[in-house]
Amino acid sequence: MQTMQIENSLQLEFVAHYAMYLENIYIEQTGSTDTKQRDRYTQLIAYIKESSFESAYARYKQIALADVEFEFTASMLETANRLASIDLGLPISSAD
(Lines give C-alpha, C1' and ligand atoms only; values in the text may rest on other atoms or scores of the structure.)
Protein backbone atom coordinates (compact mmCIF):
# COMPACT_ATOMS: atom_id res chain seq x y z
CA MET A 1 0.00 0.00 0.00
CA GLN A 2 1.34 3.45 -0.82
CA THR A 3 2.56 5.71 1.97
CA MET A 4 0.23 8.48 3.03
CA GLN A 5 0.25 11.21 5.61
CA ILE A 6 -2.24 10.49 8.40
CA GLU A 7 -2.90 13.57 10.51
CA ASN A 8 -6.01 12.86 12.59
CA SER A 9 -8.29 10.15 13.97
CA LEU A 10 -10.82 10.39 11.13
CA GLN A 11 -8.13 9.79 8.52
CA LEU A 12 -6.74 6.95 10.60
CA GLU A 13 -10.17 5.39 10.96
CA PHE A 14 -10.71 5.60 7.19
CA VAL A 15 -7.34 3.95 6.53
CA ALA A 16 -8.16 1.19 9.03
CA HIS A 17 -11.52 0.51 7.35
CA TYR A 18 -9.87 0.61 3.92
CA ALA A 19 -7.13 -1.81 5.00
CA MET A 20 -9.68 -4.13 6.61
CA TYR A 21 -11.61 -4.30 3.33
CA LEU A 22 -8.40 -4.90 1.36
CA GLU A 23 -7.66 -7.79 3.73
CA ASN A 24 -11.15 -9.17 3.03
CA ILE A 25 -10.50 -8.93 -0.70
CA TYR A 26 -7.12 -10.64 -0.27
CA ILE A 27 -8.79 -13.48 1.66
CA GLU A 28 -11.46 -13.89 -1.03
CA GLN A 29 -8.96 -13.78 -3.90
CA THR A 30 -6.45 -16.20 -2.39
CA GLY A 31 -8.82 -18.52 -0.55
CA SER A 32 -6.82 -17.94 2.61
CA THR A 33 -8.34 -18.88 5.95
CA ASP A 34 -5.95 -16.64 7.90
CA THR A 35 -8.01 -13.68 9.09
CA LYS A 36 -5.59 -12.44 11.78
CA GLN A 37 -4.61 -9.27 9.92
CA ARG A 38 -8.20 -8.39 9.04
CA ASP A 39 -9.17 -8.98 12.66
CA ARG A 40 -6.34 -6.68 13.82
CA TYR A 41 -7.72 -3.88 11.67
CA THR A 42 -11.23 -4.53 13.01
CA GLN A 43 -9.90 -4.24 16.56
CA LEU A 44 -7.98 -1.11 15.62
CA ILE A 45 -11.19 0.54 14.41
CA ALA A 46 -12.70 0.07 17.88
CA TYR A 47 -9.45 1.18 19.53
CA ILE A 48 -9.37 4.43 17.52
CA LYS A 49 -12.74 5.42 18.98
CA GLU A 50 -11.60 4.99 22.58
CA SER A 51 -7.99 6.17 22.62
CA SER A 52 -5.82 9.11 21.67
CA PHE A 53 -4.76 9.60 18.07
CA GLU A 54 -1.10 9.11 18.97
CA SER A 55 -1.74 5.78 20.68
CA ALA A 56 -4.01 4.52 17.89
CA TYR A 57 -1.55 5.66 15.21
CA ALA A 58 1.29 3.81 16.93
CA ARG A 59 -0.85 0.66 16.98
CA TYR A 60 -1.72 1.15 13.29
CA LYS A 61 1.96 1.36 12.37
CA GLN A 62 2.62 -1.94 14.17
CA ILE A 63 -0.29 -3.66 12.44
CA ALA A 64 0.65 -2.30 9.01
CA LEU A 65 4.08 -3.93 9.26
CA ALA A 66 2.39 -7.32 8.88
CA ASP A 67 0.46 -6.40 5.70
CA VAL A 68 1.05 -8.80 2.84
CA GLU A 69 2.30 -7.72 -0.54
CA PHE A 70 -0.45 -8.43 -3.06
CA GLU A 71 -1.23 -6.89 -6.44
CA PHE A 72 -4.64 -5.31 -6.01
CA THR A 73 -6.47 -4.27 -9.17
CA ALA A 74 -7.99 -0.80 -9.55
CA SER A 75 -11.41 -2.38 -9.08
CA MET A 76 -10.38 -3.96 -5.77
CA LEU A 77 -8.97 -0.65 -4.51
CA GLU A 78 -12.14 1.20 -5.57
CA THR A 79 -14.30 -1.37 -3.79
CA ALA A 80 -12.32 -1.00 -0.55
CA ASN A 81 -12.50 2.79 -0.86
CA ARG A 82 -16.26 2.73 -1.46
CA LEU A 83 -16.94 0.38 1.46
CA ALA A 84 -14.75 2.39 3.85
CA SER A 85 -16.51 5.60 2.79
CA ILE A 86 -19.91 4.00 3.36
CA ASP A 87 -18.86 2.77 6.83
CA LEU A 88 -17.84 6.29 7.85
CA GLY A 89 -20.74 8.08 6.15
CA LEU A 90 -18.40 9.90 3.79
CA PRO A 91 -19.17 10.88 0.21
CA ILE A 92 -18.24 8.15 -2.23
CA SER A 93 -15.57 9.39 -4.59
CA SER A 94 -15.30 8.14 -8.13
CA ALA A 95 -12.08 7.67 -10.01
CA ASP A 96 -13.13 9.61 -13.12
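The values are calculated or read from the model by the stated rules, or taken from the named source; none is laboratory data. A quick note: this is a predicted structure, and the numbers were derived from the prediction, not measured. Cβ placement follows ideal geometry from the backbone for every residue including glycine, while neighbour counts extend to all protein chains displayed. All accessible areas refer to the heavy atoms of the entire protein, side chains included, with ligands and DNA or RNA removed. Shrake-Rupley method; radii C 1.70, N 1.55, O 1.52, S 1.80 Å.
Relative contact order, percent, of the chain when contacts are C-alpha pairs under 8 Å separated by at least 6 residues?
33
If R₀ is 22 angstrom, what is the calculated FRET efficiency for the pair SER51 and SER93, using the beta carbon separation as r and rounding to 0.05?
Efficiency at R0 = 22 Å is approximately 0.20.
Once you have the alpha carbon radius of gyration of the stretch 23-85, what is it after dividing by 2.2 N^0.38 Å, with N set to its residue count?
Cα Rg divided by the expected 2.2 N^0.38 Å: 1.21.
So what are the ³J(HN,Hα) numbers for the stretch 12-19, from phi and the Karplus equation (6.51, -1.76, 1.60; θ = phi - 60°), rounded to whole Hz, Gly and Pro as x?
5, 5, 4, 4, 5, 4, 4, 5
How large is the charge dipole for the chain, taken about the Cα centre, if only the Cβ atoms of Lys, Arg (+1) and Asp, Glu (-1) carry charge, to the nearest 20 debye?
Rounded to the nearest 20 debye, it is 240 debye.
Gain in length, ASP39 to PHE72, computed as 0.36 nm per residue apart minus the alpha-carbon separation, to one decimal in nm?
Extending this stretch completely gives an extra 9.9 nm.
Rolling a 1.4 angstrom probe over the protein heavy atoms, how many square angstrom per residue are accessible across the stretch 38-94?
Heavy-atom SASA per residue in the stretch 38-94 reads 66 Å².
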